[in-house]
Amino acid sequence: MAETAQYRVATATRTSRAGLFVLLAGVVFLATTPLWGGRAEMRLVVEFCYFLALAQMWNLLAGYAGLVSVGQQAFVGLGGYALFVFSIWLGVHPLLALPLAAVAAALFAIPTALIVFRLRGAYFAIGTWVTAEVYRLSFAQVSDLGGGSGMSLPIGVIKSVAGSRAERELVVFAIGVAVAVAATGIVYWLLRSRHGLALTAIRDSEPASESLGVNNFRTKLYVYVLAASITGFIGALIYLQKFRIAPDAAFSLIDWTAYVIFIVVIGGIGRIEGPIVGTIVFFILREFLADLGSWYLMILGLVAVVVMLRAPQGIWGLLAARFDLHFFPVQRRLYRRDGSPP
Amino acid sequence: MDWVNAVIQGILVGGLYALFATGLSLIFGVMRLVNIAHGDLIVLSSFLCLAIVSGLGLHPLIVLLIVVPVMFAIGYALQRGLLNFTLGPDILPPLLVTFGLSIVIQNALLEIFSADSQKLPAGALQTASLQIVEGLAVGVFPLIVFACAIVVIAGLQFLFYRTALGSAFRATSDDPDTARLMGIDNRHIFALAMAISLAVVALAGVFLGMRTSFDPSIGPGRLIYAFEAVIIGGLGSLWGTLAGGIILGVSQIVGGKLFPGADQLAGHVVFLILLVVRPRGLFPRAVD
Amino acid sequence: MSLLETSGLTAFYGDFQALFGIDFAIGEGETVAIIGSNGAGKSTFLRSLTGLLPNAAEAIRLKGQPIGDLPANRIVGLGIAMVPEGRKLFPSLTVEENLKIGAYSGREGAWSVDRIFQLFPFMTERRQTPATALSGGQQQMVAIGRALMSNPDLLLCDEISLGLAPTVIKDIYDALPAIQQAGTTVVVVEQDIQQAMAVSDRVYCFMEGRVTLEGAPDELSHDDIKEAYFGLKGAA
């Protein structure tokens with residue numbers, strides 16, 4: 001014990017404290033949009049926030065739990081439809097329907113997981129995609145939800161959020177910013193908890209972690225259901241902003257998973273900062289290239305391919321290695337008690 | 001007789017699905033690579049054929065003589081120039097690179113050919129059919145496709161289990177390092193596997209385009225059918241893949257008859273049920 | 001001139017250095033044994049010779065030609081074949097297919113499937129059997145046959161007696177004279193010192209990635225070997 005007493009395990013570094021400051025400034029900047037921006041800016045920030053939150057969830061799955069899902073659109077769609085079902089059919093207040101959508105997504109995620117967890121690696125990825133297709137085609141069959149052409153939120157439901165349009169937009173905006181912060185915070189908290197170590201162990205070596213007593217199945221299930229539930233919440237929020245839902249858009253692979261994968265890969269997979277950097281890059285690229293139509297997607301795909309081949313740690317990985325940056329201290333570092341590095 | 005007809009149609013469609021699936025199964029068998037762009041490469045072949053057909057005015061089946069070697073070459077180059085660099089213990093790079101590739105191909109096709117639905121002109125084959133008994137006729141073209149699927153699978157089976165190249169494929173799949181000690185250049189073997197995979201993809205793409213209309217967005221759907229056929233049949237089993245394709249085809253057509261408009265859904269649901277009941281597929285390979 | 005020569009050969013696994021400047025030479029027709037304890041670097045040395053571990057071109061010379069930077073799949077065609085530790089037969093190939101794939105490099109020579117069957121007669125009966133369904137000793141013989149099928153000038157045998165019963169080990173080593181008579185130069189890596197001494201013209205002893213002793217078996221005293229093998233007296 002005398003040996004170990006010389007060391008302490010720490011996760012915070014000087015740059016992590018500086019990073020926290022930068023992040024807080026960023027959050028304040030986004031949160032004060034209504035003070036300096038108009039409706040368009042607010043919509044853009046909400047969109048930024050839900051892409052960031054979706055990216056955090058996908059990164060949690062693929063970057064930490066080794067669950068490369070190509071079917072997260074299933075939970076965006078389920079969350080969106082849950083909002084419509086709860087608020088129209090059951091008369092629930094739409095804001096209460098958001099957390100209920102998260103619960104519904106979690107409930108659907110459990111049987112989904114039990115099926116797709118039978119597949120490994122890349123086949124798991126396509127398996128999640130099939131289940132998302134099953135949900136899309138199933139909702140298209142429900143004529144009470146508008147079938148394949150979808151439906152709109154009735155005016156009454158929309159008005160129940162808040163009386164005026166400005167107020168409604170403010171509510172959606174506030175929830176959007178909160179959900180991005182919360183999604184980032186939850187991933188951070190999860191990685192700092194003992195689950196974080198278990199996840200790192202699974203990602204690094206699945207058989208080895210099993211032999212060390214980490215219950216892979218339970219840990220993975222837990223993470224999968226958690227990510228699904230938050231993704232469901234985001235889905236409900238997206239459709240509270242859009243007012244109109246249809247199966248093809250709600251369960252769109254491109255919109256809710258492909259973009260998100262590109263965000264995480266370009267930003268840096270397996271790092272909390274990755275989705276943040278990736279979302280910023282994604283929105284900048286979109287500002288400049290969205291007019292190019294299909295060229296835009298081609299460029300995005302090519303950038304992701306090049307990043308994966310040349311710099312698999314992503315933009316943040318490059319920056320972090322170059323400047324020793326760790327805004328979110330989730331790595332456990334070993335220090336001598338006297339402060340010198342080991 | 002309606003139901004018998006539906007089942008027969010389903011079986012024949014299954015031949016096409018088996019052609020979708022064979023290439024996917026083959027490269028997974030040799031190098032554990034799952035090509036997410038597989039479906040888009042099928043559609044790319046359809047468009048390639050379309051471009052040549054409209055340029056030269058030839059019959060699509062004759063154009064196969066061009067499309068198959070071109071896709072073979074594309075497969076070799078793609079593996080040698082790009083995908084070989086993604087192989088390794090980490091499954092993310094091949095998955096995400098082929099995913100990126102899928103998006104790139106889809107949008108390139110969209111840019112070149114627009115989102116319009118296209119169809120390859122099959123001529124008289126389109127409507128030709130054989131009357132089996134009163135009220136039961138089978139299309140000649142679906143029969144040709146099914147026969148081709150059997151020939152392709154038998155051919156690959158022969159290649160894999162009766163030739164020196166097949167031994168090299170299996171040896172590399174078993175243990176790439178030891179295969180190198182035998183003088184086998186893994187990069188070349190992997191590239192050949194992808195080339196063969198895309199040659200089959202070319203065949204599948206042309207048949208697809210002659211059978212139904214297609215547009216740049218339908219690739220992922222074909223990937224999913226291919227994937228389902230592979231998993232139902234059992235990883236690594238080529239004849240299993242044919243069985244998987246047939247089960248999928250019959251489920252879709254019979255399901256669509258029972259619940260109009262739900263043919264795709266019926267196929268997926270049967271797949272998921274089989275995944276739960278037989279997670280290793282119908283014909284699992286003894287050595288994994 | 002030596003058939004094969006290394007000068008200052010090093011090897012790394014990431015940051016870990018496994019070999020520290022190995023100087024080694026073997027003449028045509030000679031049989032050399034490499035002994036040493038676990039982790040001494042013997043297998044790493046063979047992996048370097050076969051090209052599985054990359055090196056500088058000049059570090060390894062075969063008949064005077066630098067080959068250190070060639071990939072493994074080129075080396076075998078130049079005449080170096082390996083019987084890898086743990087045999088590493090291809091499980092999806094039959095006995096006969098395992099032998100035939102040994103000839104993949106296409107080197108001309110005296111060895112053929114039939115001649116391997118003469119050397120190890122049990123194989124004739126089992127040619128269609130999946131290779132990994134055989135007993136350990138039989139698998140080892142297939143692995144040796146597979147390496148011979150490339151008609152090598154130099155045959156590297158990594159721990160071919162490991163985990164086998166003494167009678168089986170004797171059967172395997174009984175095949176050695178036939179291999180040597182065919183003009184093949186042989187390197188055996190052995191943990192069993194007695195066995196190594198019995199079959200070799202010269203012995204190298206490795207310890208912690210260095211050569212600690214070299215010489216003909218009858219010139220080396222028991223104490224020399226003990227010292228070189230275990231590093232007693234702190235002589236390393």
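The values are calculated or read from the model by the stated rules, or taken from the named source; none is laboratory data. Worth saying up front: this structure is predicted, and the values here are computed from it rather than measured. Glycine gets a Cβ as well: all are built from the backbone with ideal geometry, and neighbour counts include every protein chain shown. The protein model used for the area step is the full one, side chains on, heavy atoms only, and it has no ligands, DNA or RNA in it. Shrake-Rupley method; radii C 1.70, N 1.55, O 1.52, S 1.80 Å.
Overview of values
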item	result
Farthest toward positive dipole pole in region C:4-230 [+1 Lys/Arg, -1 Asp/Glu at C-beta], among C:Leu213, C:Met82, C:Ala40	C:Met82
Calculated P(r) tail over 19 Å for region C:1-101, as whole % of Cα pairs	47 percent
Nearest 10 degrees, 0 to 90: helix A:121-141 Cα axis against chain A principal axis	20 degrees
Rg to Rh quotient for region A:31-252, alpha carbon positions, Kirkwood Rh	1.00
Within straight-line cross-link reach of C:Lys100, lysines at Cα separation under 19 Å, skipping those fewer than 8 residues along the same chain	C:Lys88
Å² per residue, accessible surface of region C:56-116 at 1.4 Å	40 Å²
Distance in nm between pseudo-label sites at C:Asp218 and B:Val7 (7 Å out along the Cβ direction from Cα)	8.3 nm
Cβ neighbours within 10 Å from other chains - mean over C:25-33	0
Helix axis angle, A:94-116 relative to chain A longest principal axis, alpha carbon, degrees	60 degrees
Distance between region A:40-115 and region C:169-219 - C-alpha centres, whole angstrom	67 Å
Threshold 20 Å² - residues in region B:195-234 whose accessible area is reduced by that much or more when the chain is no longer isolated, probe 1.4 Å	B:Pro220, B:Leu223, B:Ile224, B:Phe227, B:Ile231
Long-range HN-HN contacts of C:Phe206 with modeled amide H, under 5 Å	C:Ile35, C:Gly36, C:Thr212
Where labels lie 7 Å past Cα in the beta-carbon direction, separation of A:Asp248 and A:His93 in nm	3.7 nm
Reference-scaled alpha-carbon Rg (2.2 N^0.38 Å with N residues) for the protein assembly as shown	1.10
Area buried, chain A against chain B - accessible surface, total, 1.4 angstrom probe, square angstrom	3500 Å²
Globularity index of chain C, i.e. its alpha-carbon radius of gyration over 2.2 N^0.38 Å	0.99
Cα pair distances exceeding 20 angstrom across region C:108-167, given as percent	27 percent
For region A:42-79, residues shielded by at least 30 square angstrom of accessible area compared with the chain on its own, probe 1.4 Å	A:Val68
Tilt relative to chain B, helix B:238-258 - C-alpha long axis, 0 to 90 degrees, to 10	30 degrees
Proximal aspartates and glutamates to A:Lys159, defined as alpha-carbon separation beneath 18 angstrom and excluding residues fewer than eight positions away on the same chain	A:Glu167, A:Glu169
Bins of 5 Å, starting at 0 and running to the largest distance - Cα pair percent for region B:2-277	1, 6, 12, 17, 19, 17, 13, 8, 4, 2, 1, 0, 0
Karplus (6.51, -1.76, 1.60) ³J(HN,Hα), θ = phi - 60°, over region B:43-49, in Hz, Gly and Pro reported as x	5, 4, 5, 4, 5, 4, 4
Value of Rg/Rh across region C:59-197 [Cα atoms, Kirkwood radius]	0.95
Local net charge near B:Ile103, Cβ-Cβ under 14 Å (Lys/Arg +1, Asp/Glu -1)	-3
Whole-Hz ³J(HN,Hα) from phi, Karplus 6.51 cos²θ - 1.76 cosθ + 1.60, for region C:141-154, glycine and proline x	5, 5, 5, 5, x, 4, 5, 5, 4, 8, 6, x, 7, 10
Reciprocal of mean inverse Cα separation for region A:25-152 (Kirkwood radius, Å)	16.6 Å
Carbon/sulfur fraction of accessible area - the protein assembly as shown, other protein chains in place, 1.4 Å, %	62 percent
At least 40 Å² accessible surface lost relative to isolated chain, residues of region C:60-75 (1.4 Å probe)	C:Asn73
Debye-sum result for region B:93-219 in log10 I(q)/I(0), which assumes one identical scatterer on each alpha carbon, at q = 0.13, 0.14, 0.17, 0.20 Å⁻¹	-0.80, -0.88, -1.04, -1.16
Part-to-part distance (alpha-carbon centres) for region B:124-161 and region B:223-288, which is given in Å	20 Å
Helix-only CD estimate at 222 nm, as mean residue ellipticity for chain C, using -39500 (n - 2.57) per DSSP H run (n ≥ 4)	-9000 deg cm²/dmol
Straight-distance crosslink candidates among lysines, where the alpha carbon sits under 25 Å from C:Lys226 and sequence neighbours closer than 8 are dropped	C:Lys42, C:Lys170
Per-residue average of Cβ from other chains inside 10 Å of B:266-275	4
Nonlocal amide H pairs with C:Leu19, under 5 Å, H built at 1.01 Å	C:Ala11
Karplus 3J(HN,Hα) series, Hz, for region B:269-282 with 6.51 cos²θ - 1.76 cosθ + 1.60 (x for Gly, Pro)	5, 4, 4, 5, 4, 5, 4, 6, 6, 10, x, 9, x, 6
